[in-house]
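Before any comments, here is the structure.
The values are calculated or read from the model by the stated rules, or taken from the named source; none is laboratory data. What you see is a predicted model, and the numbers here were worked out from it, not measured in a lab. Quick reminder, even Gly has a Cβ in these numbers, built from the backbone with ideal geometry, and neighbours come from all protein chains shown.
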Amino acid sequence: MEDKKNDLFTIGIIAVILLTFAVMDLLFQAGLIHSAGTKTPDPLPVFTARSFLNGKYFEDYDAYSVKSFYKGPQWSKLVRGTEIILGKREFEGILLGRKNTYFESRSGKKTGETAIAESLDFLEKLKTDYDAKVMLIPTADEVWKDRLPAYAAYFDQEEYLDSVMERVGEDHYVALLQTLNEHKSEEIYYRTAPYWTSLAAYYGYYAWWEKSGKLFPYYYDLDRKILVTNHFVGPFVKRVGMEDRGEEMFILKETEGKQVTVCYDDRVTIEGYYRPEYLDAQNPCGYYLGDEFGVAKIQTESQRKNELVVIGDLNANVMIPLMAPHYSTIWLINPNYYQGDVMEFLAEQKGEDTEYLVLQGVLDFVELFDVKE
Amino acid sequence: MEFGSVVFILRFLPAFFILYYLAPGRTKNVVLLLGSLCFYAWGEPICLLPMVLSACSDFIHALLIEKYRGKGTAKILLSSALFFDMCLLFFFGYADFFIETANGLFGTRLIQIGFPLPVGITVYTLQTTSYVIDVYRGKIPAGRNLLEYATYVTMFPQLPIGPIVRYRDLSGALKNRKMNLHQISGGAKRICVGLAKKILIADAAGKLWSEIQLTAPGEMSIALAWLGILAFAFQIYFTFSGYSDVAIGLGACMGFSFPENFDHPYAARSVTDFLSRWNMALTGWMKEYFYQAVAPEKSGAIRNTIAFVLTWGLIGLWYGPDWTFVLCGFWMALFYLAERLFLGKVLRFLPSILRWIYAMLVVAIGWVFFALEDVADVMIYLRSAFGMGTGAILDRRFLFLTLEYFPLLVFGAFFSLPVVSRLLSKLENGRNGMSIAATRFLEKVYPAVCLLLALTYLVGRGW
């Protein structure tokens, strides 16, 4: 009798668990519950004779059935939370570091010697042909090394930057590492995105000015900064699928309200440096000058004739509004998205009053050459 | 369909069992057959073709063999049945592998067929082959009920990776089976444990192995290379034994009794011991239908050895069309033979722990063959594992991954060794009421916990 009771209990509890999950799944699939937790649920895979026969339909449907499970993101958070308690720190190529800081993982990534050599050759060529200044921005995993999870892989940016300085010479090299290290206790990087903040760009601006040969720097007052949002959640958090309280994003008062036009890829022209519509996008850092463009032509209020050509990534977007008053036109070319030949583009812009600057995150820059390899 | 998918666990399984338990008497076979066809067609409907052809061919051949029993025609019919089965297996499963080998060896440019290896083809081919051989040997009468036979061939629980079940062991249950609560509850527990093994441990171990593979074999420290082997060892064991548990559990819930397939192989103290605990149904099948056919009793030592090596080569090939699988089979066979000839006697004098270390070392090296597709990579990997790569003992990557996957390594070791069963039996044998109550409670609760964790992980990881 006792055994029978035990068996019934086992079968009952297993059936209840299984059926509860099955009912949750079915009710949602049947449209009786509308909460997968996503704004745009994945569409049902398309059924065709070919996709049926080659098995693609079933493969897609299996993936769909997991993705569309009732309250999917909440289950994911539960799983992630448990894994974090158990000591896991790397998810979807993102490292969860100390002080809730997220880093792009370099696990298994090895920047080859060829890539490093090619990148150095490229910089030297820019210096020789265009008298270009080099301002490579150390990323958070260098300056905030102490926040990285124990034994996480990292690229020795200090060593690389020393090589850069050696190759391009001190007069063409804007040293940022020491400056940023001096301010490492401040919020100089976004915790949840791979970019520096307006605060770091502010420090970067003065470091650049010292090497730029300009007579005076523009005055930016940190006390007058404008809070854009205090719920900035960068792309790392979205990739991992975690909750984050968000962080502050601000801009400098002096960069706002300027008579500036930005023309993207010769197609769209928009006024002003900032794009509020990006705050809800996958990468809210697009707030600074937009995202995913090859070339942006920025025309400022300045009456000067001189132009600046910047080879840069989203880090450059953050700093350009601070540099803009020194130039009438700034060309920003993002090699990650530019489809044409970068060298050709640079040659086209060459003129007496044109200056050149490489303004990019170290890792992003070196990885450009990794792809080539 | 995969056992570890939402479609199988939350849709197919509940729907199937509701229909199965509602179906009266012999119609259960109809439900099982249709369910199996749906299970098999989900993913690769085109792969139903070889299964149907194999089932029909062996059913007809068996009937004819019985009709001409004792005559030369029966032998021809047996050969014809086996030839047809092997052709199907070759064409649908291994043709591209042999074409690629021929192209590599002879510089030919034969075009590959590009047909995906149908899931379960190696399982049902061996099952149908054993059926027709058993009929020829007179061990069983040819089945006259196509429904029962088709149900046997297509039965979904053991299709993915076994255990391989002989018709003679199931024919009684196919005709008439009785189910009781104890059997169903035991089956349900096995399903939960099997799913947890696959989803919670095997998949995580697979992820660790993938991460280790991001480092080139020649650039690994010794510790990282061994961590990789450990991860792969856990992945392969918990996948196979987890799927076998699910298959055995499903069978029990339907009133069948499938043979055990894994018996804590990582607790083995010799290679012979390991092989007797690993995929037991496959080893048993190969011994009965291949080895004994090639080297019958009283065969000479040379013939026995050749048959033995061939058997293990084929066992390797059963896992997939890759030469490294065959080499893995040969590697195990080498030590098995050595143990039979002389090593076994030496091992007897060693302490248990040293015997275990020896066995696991041989198995670990075998797994490197199994895990990598290229023999050159295997050699590079082994060089790293034995300190001839970078020469570094430890590296950051090893320390990082060990911390990342520490719980997996602990749980993997805990559940791959017979620790749980020993603990439970110790508790059960305890004389006080407390330990008996604790055992009963654990036995009741742990399957539910396993299922809950597996389902949570399954629906959570998709995001």
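The residues of region B:82-115 that are within 21 Å of B:THR154 (Cα to Cα) and touching a Phe, Trp or Tyr at 6+ places or on another chain (Cβ under 9 Å), listed by number, are B:PHE90, B:PHE91, B:PHE92, B:GLY93, B:PHE115.
Conditions (1) within 14 Å of chain A (Cβ to nearest Cβ); (2) more than 17 Å from the chain's Cα centre (by Cα); (3) at pLDDT 90 or above, marked per residue:
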| site | (1), (2), (3) |
| --- | --- |
| B:LEU159 | no, no, no |
| B:GLY172 | no, yes, no |
| B:GLY187 | yes, yes, yes |
| B:LEU200 | yes, yes, yes |
| B:TRP209 | yes, yes, yes |
| B:LEU230 | no, yes, yes |
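For region B:298-319, taking the residues that are small (Gly, Ala, Ser) and out of contact with any Gly (no Cβ under 6 Å at 6 or more places or on another chain), the one that is surrounded by the most Cβ atoms within 10 Å (Cβ to Cβ) is identified as B:ALA307. Residue selection: B:ARG355 fails the criterion of being within 14 Å of chain A (Cβ to nearest Cβ) and either touching a Pro at 6+ places or on another chain (Cβ under 8 Å) or more than 25 Å from B:GLY187 (Cβ to Cβ) (or both). Only one entry in B:ARG461, B:ARG440, B:ARG396, B:ARG422 is under 24 Å from A:GLY241 (Cβ atoms) and among the charged types (D, E, K, R), namely B:ARG461. Number of residues in region A:57-76 that are closer than 15 Å to A:VAL237 by Cα and facing chain B (nearest Cβ under 8 Å): the value is 2.
May I ask you to list the residues in region B:71-100 that are part of a helix (DSSP H, G or I) and over 30 Å from B:THR324 (Cβ atoms)?
In the first step, residues of region B:71-100 are kept if they are part of a helix (DSSP H, G or I); the result is B:72-100.
Within region B:71-100, B:GLY72, B:THR73, B:ALA74, B:LYS75, B:ILE76, B:LEU77, B:LEU78, B:SER79, B:SER80, B:ALA81 meet the criteria.
Could you go through region B:187-194 and let me know if any residue there is more than 18 Å from B:PHE16 (Cβ to Cβ) and assigned by TED's automatic domain parsing to the domain that holds B:ALA55. Checking region B:187-194: not a single residue is more than 18 Å from B:PHE16 (Cβ to Cβ) and assigned by TED's automatic domain parsing to the domain that holds B:ALA55. Among the conditions (1) of a type in the set (S, T, N, Q); (2) buried (at least 22 other Cβ atoms within 10 Å of the Cβ); (3) within 30 Å of A:LYS56 (Cβ to Cβ), the only one that B:GLN112 does not satisfy is (2). Restricting the search to helices (runs of 4 or more DSSP H) fully inside region B:382-463 and requiring at least 2 residues that are touching a Leu at 6+ places or on another chain (Cβ under 6 Å) and more than 10 Å from every other protein chain (Cβ to nearest Cβ) gives B:433-461. Within region A:202-228, being within 15 Å of A:VAL134 (Cα to Cα), out of contact with any His (no Cβ under 9 Å at 6 or more places or on another chain) and crowded, with 16+ Cβ neighbours inside 10 Å holds for A:GLY204, A:TYR205, A:ALA207, A:TRP208. Yes or no: region A:108-131 includes at least one residue that is at positive phi and within 13 Å of chain B (Cβ to nearest Cβ). Yes: region A:108-131 contains one or more residues that are at positive phi and within 13 Å of chain B (Cβ to nearest Cβ).
When region B:1-25 is filtered for residues that are in contact (Cβ under 8 Å) with a residue 60 or more places away in the chain and under 22 Å from B:LEU146 (Cα atoms), only B:TYR20 remains.
Of B:THR439, B:THR402, all but one fail to be surrounded by 15 or more Cβ atoms within 10 Å (Cβ to Cβ), modelled with pLDDT of 90 or more and of a type outside the set (Phe, Trp, Tyr); the exception is B:THR402.
Among the residues of region A:282-304, the ones that are more than 21 Å from A:GLY257 (Cβ to Cβ) and surrounded by fewer than 16 Cβ atoms within 10 Å (Cβ to Cβ) come to 2 in all.
Among the residues of region B:332-343, how many are closer than 13 Å to B:PHE274 by Cα and touching a residue at least 60 places away in the same chain (Cβ under 8 Å)?
The number of residues fulfilling the criteria is 4.
Yes or no, residue by residue, for (1) assigned to a loop (DSSP other than H, G, I, E, B); (2) in contact with a strand residue (DSSP E or B) (Cβ under 6 Å, 6 or more places away or on another chain); (3) crowded, with 20+ Cβ neighbours inside 10 Å; (4) away from chain A (no Cβ under 14 Å):
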position: B:GLY4; (1), (2), (3), (4): yes, no, yes, no
position: B:ARG11; (1), (2), (3), (4): no, no, no, no
position: B:PHE17; (1), (2), (3), (4): no, no, no, no
position: B:LEU32; (1), (2), (3), (4): no, no, yes, yes
position: B:GLY35; (1), (2), (3), (4): no, no, yes, yes
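Would you confirm whether or not region A:360-373 contains a residue that is surrounded by fewer than 19 Cβ atoms within 10 Å (Cβ to Cβ) and part of a strand (DSSP E or B)? Within region A:360-373 (the criterion being surrounded by fewer than 19 Cβ atoms within 10 Å (Cβ to Cβ) and part of a strand (DSSP E or B)), the answer is no, since none of the residues qualifies. Could you list, in sequence order, the residues of region B:241-298 that are assigned to a helix (DSSP H, G or I), over 29 Å from B:SER79 (Cα atoms) and among the acidic types (Asp, Glu)? Within region B:241-298, B:ASP245, B:ASP273 meet the criteria.
Just give me the residues in region A:7-29 being under 14 Å from A:LYS67 (Cα atoms) and at the interface with chain B (Cβ under 7 Å from one of its Cβ atoms), in sequence order.
Let us first name the residues in region A:7-29 that are under 14 Å from A:LYS67 (Cα atoms), namely A:24-26, A:28-29.
Within region A:7-29, A:ASP25 is the sole residue that qualifies.
Checking the structure you have, find out if any residue of region A:144-159 is away from chain B (no Cβ under 13 Å) and farther than 26 Å from A:VAL237 by Cβ. Yes, there is a match, as at least one residue in region A:144-159 is away from chain B (no Cβ under 13 Å) and farther than 26 Å from A:VAL237 by Cβ.
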